[in-house]
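Working notes, beginning with the structure itself.
What follows draws every value from the coordinates through simple rules; no lab data is involved. Source: prediction; values computed, not measured. Because the Cβ atoms are built from the backbone with ideal geometry, glycine has one as well, and the counts that use them run over all protein chains shown.
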Amino acid sequence: MTGTVGQFLLRRRGGRGWHWTDVFTWVWLVGGLVLMFGPALWLVGSSFKSPAQLAEFPPTLLPYVSRTAVVPGHDKPLPLFVVKMENGETRELAEIRRIGIVAQMVDPAKPGEIVRVNIQNRTPAREIGLATGNYTEPFVHFDFLRYLQNSVFVTVVATLITLVTNSMAAFALSKYQFRGRSTVMLLILATLMVPLSVILVPLYSIISTVGLFNSLWGVILPTVATPTGVFMLRQYMLTIPDELLDAARMDKASEWQIYWRIILPLTAPALAVLAIFSVVWRWNDFLWPLIVLSRKEVYTLQVGLNTYAGELNVQWHYILAMTVVTMIPVVLVFVFLQRFITTGIAGSGLK
Amino acid sequence: MGQITLSGISKNFGAVQVLEGIDLDIRKGELVVFVGPSGCGKSTLLRLIAGLDKPTGGTIAIDGRDVTPVPAADRGLAMVFQSYALYPHMSVRQNMAFGLENAHLPRPEIDARIAEASRMLEIAKLLDRRPGQLSGGQRQRVAIGRAIVRNPTAFLLDEPLSNLDAELRVSMRAELAALHQRLGTTMVYVTHDQVEAMTLADRIVVLRAGRIEQVDTPLALFNAPANVFVAGFIGAPNMNFIQGVVRGPVEGGVAVTAFDGRVVPVDAAAGALAPGDAVTLGVRPHHLRRVGPDEGLPVTVHLVEALGAETVVHGRTAEGQRILAVLAGQEPLASGDVIALAFERRQTHAFDKDGLRVAGN
């Protein structure tokens, strides 16, 4: 097992010796791997750290928790320290209290005997452990489930509407000849170049005029018609041969049936890609929901997370933990839909 | 059922005129083949009949009913496409059922028709496969099956065999002919392959540059081509054309000077040609035969293609006229040999300066 993995990792050109391209490729790929996965791993690792540990310098890679021991005569468990004694031996002692630079410590095995130790000579005894409270506490105190529900609603509904409207537009723009077709296409492409921040104010006044302020529909509707989606689906549909449509017309199919039963199934790979994009976009959307939603009950997860970042105090441990939780659905969507990206079935019925 | 009448059909794509003045009457149960070089408008004409495109001018009638404004779905025709155009995401059965479901036929009827067609075309075992899992010949059968189950008034076939390999094409051609015999339904067949046209057709429509050049039975086209284009297009290898000048009348025709002063008598209607008129003589390669050295036209051999049963000789006359001859059997010839060739008067075609037929058998 390890042999095969090692062989795979150290595979070289021609199988013998290290050509400079082997070294370059290896460094490049490993560097890329670290660059891509490092932040994600750091996020997951840090999400299990306590606030004190997050603030620690130098930072540790893995989350640790202090070991404690229950000592008779003390109600609470006491933190354990590794102490270097004056005679050179090291002992593991529990700290009762600290006065100035002197700590009063006790050996858990001999609870009666109090040892005074200079704090310079002791280091906390720690082991790798998870501060799971980062995850469990928000579920109790923070309205996580409601935010999750809002986020799921926004994401699912917006994605469905995006798929339907964009594929219809793409069908018309790719398979019908009509006057002004290229003008419409150009307009759609032109809106690609306008960033959200430019149209934020007019968009806001439209949404508030039609009474969608503080409503999830106000988050969903402005985002569903994406020029990227229309353009991508249109390019894909252009590759579907017109003869298939002609055959369907000879087969008495209505234009709606052609769209629904011929075009949509054949566009499935492109639809899957757009669905992935849309889910990621809508799930991670922050600025627009922050503007539209001002009541706590309609917050999406991303806006809800923002409440941990107060003006004076940022609760990093909760933010990190909840960020991990919000990442999970996006990762799952990608895992399950990515196989569609590679399957193209449209051409297989011809020639 | 199945009579298609085209009157004065024209079709423009923007400023480009693709078809003009097409008048054609396709009789019930007939297999008509549209043949012509690529770009002649034969596929466009088929699409007009199908209703997939609308003509710029003229009318199309099926069984006496004007269907020019009727959409493709309601003309009762079925089409087989060059690329087969099978729906790639549906099984063979679903492909065949699609049109019937759209026509709201009851399920048992659909199943019965599919069973019947798949038995006829021997594709019963393939019904649950997808088009991507079929070979070219099998896809061809499925495409035909999809047309048959519809019980159409007429079949429209757009170069259905052009994607098959040569061997399969011959066997499918025979099957198509048998199918037409059996169904007795009108078929309109587009091809650029004149062998397909000759073997399948009841009548052939020869098209060139958007116009009908001639409509007739295969043998009539071969024996009496109406003009130089048809003469050159029908028959393989192509007919030899020789330029000449009318010298004077002879009994039943005229004498033509060709090949550097050689006089050739040809049949012609009285008064069709006057002395001094330019004329094009046409002789099919198969009608040339080898004769003794002084009895015929001397031709220098340039290339010999020995096919076993016959020998194709490419040569030139003394004045540089290219001559192609197909000699029966195996001839021991080599490049540079000089042979003498002769042809019969009754097998000589003559065309006037406009390329129209003036003489022949």
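Structure values in brief
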| quantity | calculated |
| --- | --- |
| Value of [θ]222 nm, deg cm²/dmol, for chain B, DSSP H segments ≥ 4, -39500 (n - 2.57) each, nearest 500 | -7000 deg cm²/dmol |
| Segment B:48-175, Rg to Rh (Cα coordinates; Rh as Kirkwood inverse mean 1/r) | 0.99 |
| Degrees between helix B:107-120 axis and first principal axis of chain B (Cα, 0 to 90, nearest 10) | 30 degrees |
| Full-extension gain in nm, A:Leu187 to A:Thr136, via 0.36 nm per residue minus C-alpha separation | 13.5 nm |
| Value in Å of the Kirkwood radius, where segment A:60-187 supplies the Cα pairs that are averaged | 20.8 Å |
| Rounded Å value of the spacing that divides the Cα centres of segment B:268-282 and segment A:1-73 | 96 Å |
| Dipole magnitude of the protein assembly as shown, debye to nearest 20 (Cβ charges: Lys/Arg +1, Asp/Glu -1, about Cα centre) | 1780 debye |
| Evaluated at q = 0.10, 0.13 Å⁻¹: base-10 log I(q)/I(0), Debye formula over Cα of segment A:155-238 | -0.29, -0.48 |
| Rounded FRET efficiency, nearest 0.05, which uses the C-beta distance separating A:Ser197 from B:Glu319 and R0 of 60 Å | 0.10 |
| FRET efficiency, A:Asp143 to A:Phe178 (Cβ-Cβ, R0 60 Å, nearest 0.05) | 0.75 |
| By average C-beta atoms within 10 angstrom, highest first, the peptides B:334-344, B:74-84 | B:74-84, B:334-344 |
| About the Cα centre, charge dipole magnitude for segment B:240-359 (Lys/Arg +1, Asp/Glu -1 at Cβ), debye | 140 debye |
| Semi-axis lengths, Å, segment A:217-351, gyration tensor of Cα atoms, sqrt of 5 times eigenvalues | 41, 17, 10 |
| Overall Cα dimensions of chain A - principal axes, largest extent first, Å | 97, 68, 34 |
| Residue-averaged beta-carbon neighbours from other chains (10 angstrom radius) around B:88-99 | 4 |
| Rounded to 10°, Cα long-axis angle of helix A:144-175 versus longest principal axis of chain A | 30 degrees |
| Translational diffusion of chain B, µm² s⁻¹ [Kirkwood Rh, Cα pairs; Stokes-Einstein; 25 °C; 0.890 mPa s] | 107 µm²/s |
| Intensity falloff of segment A:21-63 expressed as log10 I(q)/I(0), Debye formula with alpha-carbon point scatterers, at q = 0.33 Å⁻¹ | -1.05 |
| Compactness of the protein assembly as shown - radius of gyration and Dmax, Cα, Å | 42.1, 148 |
| Sum of -39500 (n - 2.57) over DSSP H runs of 4+, divided by residues of chain A (222 nm, nearest 500) | -17000 deg cm²/dmol |
| Spacing of the two label points (7 Å from each Cα toward its C-beta) at A:Val210 and A:Thr60, in nm | 5.4 nm |
| Cα-projected label distance for B:Asn151 with A:Arg11, points at 7 Å along beta-carbon direction, nm | 6.0 nm |
| Cα-based helix-to-principal-axis angle, A:268-284 vs chain A, degrees rounded to 10 | 50 degrees |
| Theoretical FRET efficiency, 1/(1+(r/R0)^6), r = Cβ-Cβ of A:Ile161 and A:Leu287, R0 25 Å, to 0.05 | 0.80 |
| Theoretical gain in end-to-end length, B:Ala15 to B:Ser171 [0.36 nm per residue, Cα-Cα removed] | 52.0 nm |
| Within straight-line cross-link reach of A:Lys110, lysines at Cα separation under 20 Å, skipping those fewer than 8 residues along the same chain | A:Lys76, A:Lys84 |
| Separation in nanometres of the label points that stand 7 Å from Cα toward Cβ, at A:Val70 and A:Leu332 | 3.8 nm |
